[in-house]
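Each remark here refers to the structure printed beneath this line.
Where a number appears in this text, it was derived from the coordinates with a stated rule and is not lab data. Model, not experiment: these values are computed from the prediction. Cβ placement follows ideal geometry from the backbone for every residue including glycine, while neighbour counts extend to all protein chains displayed.
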Amino acid sequence: MGIYLNIMIMYKLVRWEMKKIIIVDDEPDVIYSIKEGLKNDFEIIGVNSGKHFFQTLESNIPDIILLDIMMPEMNGWQVIKRLKESERLKNIPVIIISARTDKIAKKAGNFYADDYIEKPFTIKNVKEKINKIL
């Protein structure tokens, strides 16, 4: 029992010290891919809409946000605007992950967010961008 308890305590301490990432994307495959690729290094929470994201923020403040732009109901630009209007949330780094590859989206993304990643992406690239910011 003692060894098991020590292992559980160590596991909880490691999880407690992990940086928290919230992924906001309406594509379940994107959330799954990022979760699988980063699960050993970060605590990951995935949400499928801007509305669900703000509900999640009521109890989970992340160290960084990975945000899609093209989503129904509340798009990524609207999410960023609302984040920046909040004193409590405005300093959370945001990395946009989007299928939009046009220059306007990239420039806007780099202006309003901390970085911009085009889909398709590699987990290695996502991890490098996150580590650069954190």
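Things worth noting here:
- Cα centroid of segment 71-86 to Cα centroid of segment 100-134, whole Å: 17
- Computed over segment 19-133: relative contact order in percent, which uses C-alpha pairs under 8 Å that are six or more apart: 23
- Once both labels are positioned 7 Å from their Cα atoms along Cα-to-Cβ, the gap between GLN78 and ASN131 label points is 3.6 nm.
- Spin-label model distance (nm) - MET70 vs PHE111, 7 Å beyond Cα toward Cβ: 2.1
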